[in-house]
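Below is one structure, written out as structure tokens, with a few remarks after it.
The values are calculated or read from the model by the stated rules, or taken from the named source; none is laboratory data. Predicted model, so just to flag it, every value in this text is computed and none were measured. Backbone-built Cβ (ideal geometry, glycine too); neighbour counts: all protein chains shown. All accessible areas refer to the heavy atoms of the entire protein, side chains included, with ligands and DNA or RNA removed. Shrake-Rupley method; radii C 1.70, N 1.55, O 1.52, S 1.80 Å.
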Amino acid sequence: MGGWAIAVHGGAGVDPNLPAERQEEATQLLTRCLNIGISALRSSLPAIDVVELVVRELESDPLFNSGRGSALTANGTVEMEASIMDGDGRRCGAVSGISTVKNPISLARLVMDKSPHSYLGFSGAEEFAKQQGVEMVDNEYFITEDNVGMLKLAKEANTILFDYRIPVTGLESCASSVESPIRMNGLPISVYAPETVGCVVVDGQGRCAAATSTGGLMNKMTGRIGDSPLIGAGTYAGELCGVSCTGEGEAIIRGTLARDVAAVMEYKELGLQEAVDFVIKKRLDKGFAGLIAVSNKGEVAYGFNCNGMFRGCATEDGFLDVGIW
């Protein structure tokens with residue numbers, strides 16, 4: 001074992017014109033979350049506890065697309081989803097269609113620990129949350145002024161590509177006649193907001209864990225489920241590694257991206273970074289995505305095939321890096 005390691009992400013698919021102040025806010029948030037995770041690992045918390053702790057922090061900050069600040073559905077509401085996996089025994093829990101649970105990742109953890117199931121959705125998940133006594137809030141808690149403005153613009157311009165974090169002001173020059181280059185399952189989509197959050201950790205005992213949480217796509221159809229709650233697609237952890245993905249959910253689902261990193265490590269005997277590079281290059285077809293990963297040897301890796309990915313990583317030997325591009 002090579003000691004503990006941690007990586008966090010705030011989503012792949014960064015707009016190249018993202019204002020400098022937003023970039024700085026993102027860097028500060030990622031650094032803060034890394035430091036929370038590092039402190040927990042130094043206190044010998046197990047990997048599964050650390051990933052939940054870090055993702056809760058990301059969900060509670062409105063900057064990224066999870067928890068408070070989640071992207072809005074076409075109806076103007078928030079439907080969140082999350083999953084968590086403990087590589088020690090490959091235990092997992094996931095939720096979808098969450099609208100009143102303050103921290104969806106903790107509900108996913110409860111599905112894993114306190115239910116006979118691996119995945120609960122919509123009204124069933126909300127009822128389970130009430131039974132477990134988790135903190136509940138009104139749906140309005142998750143909705144921010146920025147996202148209300150972006151949803152309005154999305155509805156006015158059906159085929160334009162938006163990054164959901166771009167300030168509403170200054171977009172008057174965006175013409176609704178501009179055609180989006182992004183297609184999902186062969187169809188043009190009006191808004192591409194892939195800013196999922198995630199965390200992967202290997203602790204000092206070599207145990208890997210992963211957690212992912214998101215509000216999904218801006219202006220998505222009500223009931224849409226992406227890759228983030230799907231074990232093997234958006235999230236995976238086993239004996240060898242832990243992986244959290246972000247980006248075009250439909251492409252990640254088709255490629256079973258997170259599980260494939262572990263699979264090529266196991267079956268092709270690739271190293272962690274080699275496995276990440278292989279999966280990003282070979283399994284996304286025409287989709288755009290990124291991922292973070294840790295190995296049971298204390299290694300950390302990431303990869304993406306789009307403009308950028310908000311990410312940060314650190315290892316027990318003192319390495320620490322936070323980046324976007």
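Things to note:
- Value in Å of the Kirkwood radius, where the chain supplies the Cα pairs that are averaged: 19.0 Å
- As a calculated quantity, the FRET efficiency between SER39 and GLN273 at R0 = 35 Å, using C-beta atoms, amounts to about 0.85.
- Under the Karplus curve 6.51 cos²θ - 1.76 cosθ + 1.60, θ = phi - 60°, whole-Hz ³J(HN,Hα) for segment 75-89, x wherever Gly or Pro sits: 8, x, 10, 10, 10, 9, 8, 7, 8, 9, 9, 9, x, 6, x
- Put simply, when 51-62, 274-285, 76-87, 306-317 are sorted by average Cβ atoms within 10 angstrom per residue, most first, you get 76-87, 51-62, 306-317, 274-285.
- For segment 58-160, the solvent-accessible area with a 1.4 angstrom probe is 40 square angstrom per residue.
- Pairs from LYS152/LYS220; LYS152/LYS286; LYS102/LYS155; LYS155/LYS220 whose Cα-Cα separation, in the structure shown, is over 19 Å: LYS152/LYS286; LYS102/LYS155
- Remark: relative contact order (the chain) = 26 percent; criterion is Cα-Cα distance under 8 angstrom and separation of 6 or more residues.
- Cut-off under 5 Å, modelled amide H: who pairs with GLY97 long-range: MET80, PHE122
- Dipole of the chain, positive direction: furthest Cα of MET265, LEU151, CYS199, with charges on the beta-carbon: MET265
- Simple rule: put +1 on each Lys or Arg Cβ and -1 on each Asp or Glu Cβ in segment 1-134, find the dipole, and look at HIS9, ALA26, ILE36; the Cα lying farthest toward the positive end is ILE36.
- Contact order normalised by residue count of segment 1-69, Cα under 8 Å, 6+ apart, percent: 28 percent
- Placing +1 on each Lys and Arg Cβ and -1 on each Asp and Glu Cβ, with no other charges, gives the chain a dipole about its Cα centre of roughly 580 debye.
- 19 Å Cα-Cα reach of LYS282 towards aspartates and glutamates, excluding residues that sit fewer than 8 places from it in its own chain: ASP227, GLU248, GLU250, ASP260, GLU266, GLU269, GLU274
- Surface composition of the chain: carbon and sulfur make up 49 percent of the accessible area, probe 1.4 Å.
- For THR256, THR196, THR100, the ranking by accessible surface with the largest value first comes to THR256, THR100, THR196, using a 1.4 Å probe.
- Axis of helix 257-267 versus longest Cα principal axis of the chain: the two differ by about 30°, to the nearest ten degrees.
- Alpha-carbon spread of segment 94-153, three principal axes, descending order, Å: 42, 18, 17
- Farthest toward positive dipole pole in segment 1-140 [+1 Lys/Arg, -1 Asp/Glu at C-beta], among LEU58, LEU45, ASN103: LEU45
- Hz values of 3J(HN,Hα) by residue in segment 102-112 - Karplus curve (6.51, -1.76, 1.60), Gly and Pro given as x: 4, 10, x, 5, 6, 5, 4, 4, 5, 4, 5
- Additional length obtainable on full extension of the chain from TYR141 to ASN17, 0.36 nm per residue less Cα span: 41.8 nm
- Close amide H pairs (under 5 Å, H built 1.01 Å from N) link GLY298 with GLY2, residues at least 5 positions away or on another chain.
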